[in-house]
Amino acid sequence: MPEEDLVELKFRLYDGSDIGPIRYSSSSTIAAVKERIISEWPRDKKIVPKVANDVKLVSAGKVLENSTTIAQCKSPFSELPVGFITMHVVIQPTLTKTKTEKKVDELPKKTTCTCCIM
């Protein structure tokens, strides 16, 4: 891989600690990056993502889609010689429904009539 094709990324976690910097090919997808973040995740953290969909990456104020490549995420400022790009990691675990939870549609509907017949 050519040297200029590699991008160094650092990931800022919810508690201010970092993962990286790690070098990625600019053709790598965000989904592949998320998988690597999960594998590199510090096990001593209280919140640990289980699957890639639990992880949201934010760069330049935008939540990045899984199909996006790193080359598409680069901002004009990333051309400056700062060393690496920092992305913020947000953990949003997938909610699993318990048996006691009811859907909104299943709740009894209240009928409220404010008509007055005289």
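The values are calculated or read from the model by the stated rules, or taken from the named source; none is laboratory data. Here the structure is a predicted model, which means the values were calculated and not measured. Glycine also receives a Cβ, built like all others from the backbone with ideal geometry; neighbour counts cover every protein chain displayed. Each accessible area value is taken on the protein alone, full model and side chains, heavy atoms only, with ligands, DNA and RNA left out. Shrake-Rupley method; radii C 1.70, N 1.55, O 1.52, S 1.80 Å.
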Within region 1-21, restricting to residues that are open to solvent by less than 20 Å² (accessible area, probe 1.4 Å) and closer than 23 Å to Gln72 by Cβ, the one that is nearest to the chain's Cα centre (by Cα) is Phe11
Within region 22-57, of all residues that are β-branched (Val, Ile, Thr) and within 15 Å of Ile85 (Cβ to Cβ), the one surrounded by the fewest Cβ atoms within 10 Å (Cβ to Cβ) is Ile22
- Condition test on Glu65, is it within 13 Å of the chain's Cα centre (by Cα) and among the acidic types (Asp, Glu)? yes
Could we say that Lys34 is of a type in the set (Lys, Arg), at pLDDT 90 or above and within 22 Å of Leu6 (Cβ to Cβ) here?
yes
